[in-house]
Every structure is written in C-alpha cells, then in structure tokens.
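Here's the structure, in structure tokens; my notes come after.
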Amino acid sequence: MKNVAFTGEPGQPAVVATHRKGESDLLCRGGQWYLLVTCDIAEAEQNAHPVGFVGVDLGIVNIATTSTGKRHSGRRLNRRRAADRKLRTKLQKKNTKSARRRAKKHAGKEKRRARDINHKISKRIVAEAQRTGRGIALEDLTGIRARARLRKPQRVTLHSWSFHQLGAFIACKAKRAGVPVVYVDPAYTSRECSRCHHIEKANRPSQAVFVCRSCGFAEHADRNASHNISHRGWYAWVRGAESQAPALTLIA
C-alpha cells in the first residue's frame, strides 16, 4: 500500500470516497482553494512479461503520438494558446490593476486546461497499454528545452507546454495500473527509419513527412518516431532494464 495525495484529477471523487485515510487539508494558493486528501490504494502487480511496448512521441503539432496509431492533435489547442498569449501580452502592456488581476486569473485557467488535457491523454495511453498487455516507452526529455533548435513560434510553444507533466502523469498512472515504463535515448528518433534504421537528416523533407532515403519507406513523421521509441523500449527491456515508473507520490 502506498499513499497518494490527490489534487483534483477527473474521476478522483469516487477514489477518495473508497480509499480515504486520515485527515484532509484545505489550502488556499493564489486565491484558489484546494482540498488535499490522502488515500491508501493497493498497488497493482507489475506486468513482468509485456508483449511489446507502446512508443509515445511527444511533440508540438501533435501533443502525443503512439506506435499503435493514436494521435492526440494539438492544432486546436495551439490556436487557443496563441490567442491566450496575445491576450496576455495585451494585458501586460496595459498594466493596470484590473489588467493584472485579469491576467492572473487567466493564467490559472490556462494551467488548469493544460493539466486537464495532460490527464486525459495520459489516461488513454495507459489504458491502451494495459488492455493490450504492453509496457510504455517514453523519450528521456531531460534538458529538451536547452537542446531544441526551433523557429521562434515553436520555441514559445515548447517552453510553455508541460511535457514533463504529461510524462509524469503517464508514469504515475502506469504505476497504478501495473504497466512497466522505460525511458529511451531520444537521439535521432525523428530521423531514423523504423524499417531499415537508416539515419539521415534528409529523411525529414517536412515537419509531418518521413521518407527514408535508403529504403523508400514513407510514414507520418511522428508515427515513425513513435515506432523507433517502441523498438528502443523493447530492446532496453530485453536487456534487463527495470520499469522506471516512480513510486506513487504527490502529483505536482
């Protein structure tokens, strides 16, 4: 049994009603009230023999693409966030008391929206892996913001979207479901052919298209990358890697 502090994830009220333990805390942060409840939940037994790994490619145009063919598009969300940035800039320039108050309220709404989307995406990915008896392979994106070389509009999106939060949600939900998680080297996953494994920059003629210059294999670029992540996850597992899903803890 492990303690998990819940902070408002969809579907948690039923869990709280069933597994609540001890006292609860009511806190006020940034003008918002939060009820923190500690629950005892039996940890699922980890699947020690996955039949494969669902590779998950995290991106900007598509927030998450899996090797099983699921794409969680970020197009509509990115348009909404561009409008949010425009409004935020306008309010900052105005810089009145009411504008600052409105900007603060709007920032909280953006954060809650991103958190809700990350929860929904991670829930679907973990459910699919559990249903098919697979593990989950994620890229180790430590330091991705410093390494990425993108155009200015994409840099703004990269630096403002919580990829770390989405990865953490996937890992924590996987732990509760008994789904193993491994992290793989992200180097060249977008340039490597998932069929013949030829690596070349020219394999990516555009953001969305992958065409191997060696074998001619063509695929959506994010889908191809997710297959590479899946392969690397499986190779890491058969070489003896242990699941890196964290112990259940406070979801930040």
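Taken together, the values in this text are just the output of simple stated rules run on the coordinates, not laboratory data. On a predicted model such as this, the values are computed, not experimentally measured, just so you know. Neighbour counts run over all protein chains shown; Cβ positions are idealised from the backbone, glycine included.
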| task | Mind checking which lysines have their Cα closer than 16 Å to the Cα of LYS109? Skip sequence neighbours fewer than 8 apart in that chain. | result | LYS86
| said: If packing is taken as the average count of other Cβ atoms within 10 Å, what order do 231-238, 95-102 fall into, highest mean first? | reply: 231-238, 95-102
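Stretch ARG124-THR18 to full length: gain in nm at 0.36 nm per residue minus the Cα-Cα span?
Here the segment from ARG124 to THR18 would lengthen by 35.9 nm.
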| message | Could you work out how much longer the chain between LYS109 and GLN207 gets when fully extended? Use 0.36 nm per residue separation minus the Cα distance between them, nm to one decimal. | response | 32.3 nm
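List, in the order given, every pair from LYS111/LYS201; LYS70/LYS175; LYS175/LYS201; LYS123/LYS201 whose Cα-Cα distance in the structure shown is over 30 Å.
Details: LYS111/LYS201 35 Å; LYS70/LYS175 21 Å; LYS175/LYS201 36 Å; LYS123/LYS201 33 Å.
Checking Cα-Cα distances, LYS111/LYS201; LYS175/LYS201; LYS123/LYS201 exceed 30 Å.
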| remark: On the formula 1/(1 + (r/R0)^6), with r taken between the Cβ atoms of VAL51 and ARG85 and R0 of 30 Å, the FRET efficiency rounded to 0.05 is 0.10
| query | How much FRET efficiency would the formula 1/(1 + (r/R0)^6) give for GLU200 and ASP140, where r is the Cβ-Cβ distance and R0 is 22 Å, rounded to 0.05? | reply | 0.45
| note | Expected vector for region 187-204, Karplus 3J(HN,Hα) from phi with 6.51, -1.76, 1.60 and θ = phi - 60°, integer Hz, x for Gly and Pro, equals 4, 6, 4, 8, 10, 8, 6, 6, 9, 9, 6, 6, 10, 7, 4, 5, 5, 10
